[in-house]
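This report refers to the structure that appears directly beneath it.
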Amino acid sequence: MHVFITGASSGIGRALAQRYASQGATLGLVARREESLNQLASGLPGQHHVYALDVRDRPALHAAAQDFIAAANGRVDVVVANAGISQGTLTDQPEDFAAFQAIFDTNVLAMVATFEPFVAPMRAVGQGALVGIASVAGIRGLPGAAGYCASKAAAISYCESLRNELAGDGIRVVSLLPGYIRTPMTDGNPFPMPFLMSPHRFARKAVNAIAAGRRQAVIPWQMAIAARLLRIVPVPLFDLFARRAPRKPRGAPTDGLP
């Protein structure tokens, strides 16, 4: 099995890499910090490929993908677009526009760029899975997190569109919606995080969901119930709740250093 993972140096990406490697997979590991990637790869069973780059650099990302496809003799089984960043954002603060742009570039456009090179080779062999890491935060918008919530909503819709575009080609598109996972991205949250889950437990459930052919999975299951309720809550009631919700601090993006 050959698996390509972005945002692999920490958090969810690192846990997914460890999980897949334990199953005998050969990995393509993408992140910005080469030292962290090398440290991860050296601690995993098997031989793996390390690509130190920023996922917003589309040519570099495509070059890494092509190298991994060649190493896999054209047969890559799973691609996980996991790299993401989060930051509190306010529309009335002009300096936050750059944060909005960075969030969308990383959480949405880099997902597209990650998947692009793999569609043709997966179609050629009639198999493969493209996995987008979205978030429960993409279901409804919360104040102070417009950039992050909107980007994850876009990721959910993008994966849904892509899934139906590729129907019949043998390519599965999976969207995973984590709840609160204990990672560098959530470490700075100054509010309670219900059903907080370790990244390794998330990875186990995520890999099982991908292998089972799930199209979309909310993890953990308690957040799946919360997600269903959020979808059906009338707008006026949701607004009453949202206005009182705690807000993510503005400042430097948190991202688990992907």
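Test Thr91 against the criterion of being touching a residue at least 12 places away in the same chain (Cβ under 8 Å), hydroxyl-bearing (Ser, Thr, Tyr) and surrounded by fewer than 20 Cβ atoms within 10 Å (Cβ to Cβ), and give yes or no. The answer is yes for Thr91. In segment 232-244, the residue that is modelled with the highest pLDDT out of those that are surrounded by fewer than 12 Cβ atoms within 10 Å (Cβ to Cβ) and assigned to a loop (DSSP other than H, G, I, E, B) is Pro234. When segment 62-74 is limited to residues that are touching a Pro at 6+ places or on another chain (Cβ under 8 Å) and hydrophobic (A, V, I, L, M, F, W, C), the one that is nearest to Phe115 (Cα to Cα) turns out to be Ala65.
Here's a check for you: in segment 121-148, which residue that is out of contact with any helix residue (DSSP H, G or I) (no Cβ under 9 Å at 6 or more places or on another chain) and in a helix (DSSP H, G or I) is surrounded by the most Cβ atoms within 10 Å (Cβ to Cβ)? Step by step, filter segment 121-148, then rank; the result is Met122.
For segment 149-168, the candidate set comprises residues that are modelled with pLDDT under 95 and either assigned to a loop (DSSP other than H, G, I, E, B) or among the aliphatic types (A, V, I, L, M) (or both); within that set, the residue that is farthest from Leu237 (Cα to Cα) is Gly168.
When every residue of segment 107-119 is checked against the conditions, at least one turns out to be closer than 24 Å to Val30 by Cα, more than 17 Å from the chain's Cα centre (by Cα) and modelled with pLDDT of 95 or more. Considering only residues in segment 1-33 that are in a loop (DSSP other than H, G, I, E, B) and out of contact with any Pro (no Cβ under 7 Å at 6 or more places or on another chain), the one that is surrounded by the fewest Cβ atoms within 10 Å (Cβ to Cβ) turns out to be Gly24.
When Ala83 is tested against the conditions (1) part of a helix (DSSP H, G or I); (2) surrounded by 22 or more Cβ atoms within 10 Å (Cβ to Cβ); (3) not acidic (Asp, Glu), the lone failure is (1). With respect to Ile69, determine if the residue is part of a helix (DSSP H, G or I), in contact with a helix residue (DSSP H, G or I) (Cβ under 7 Å, 6 or more places away or on another chain) and either closer than 20 Å to Leu177 by Cβ or free of Cβ contacts under 8 Å to residues at least 24 places away in the same chain (or both). No, not satisfied.
The values are calculated or read from the model by the stated rules, or taken from the named source; none is laboratory data. Since the model is a prediction, treat every value here as computed from it, not as a measurement. Neighbour counts are summed over all protein chains in view; Cβ atoms, including those assigned to glycine, are modelled from backbone coordinates with ideal geometry.
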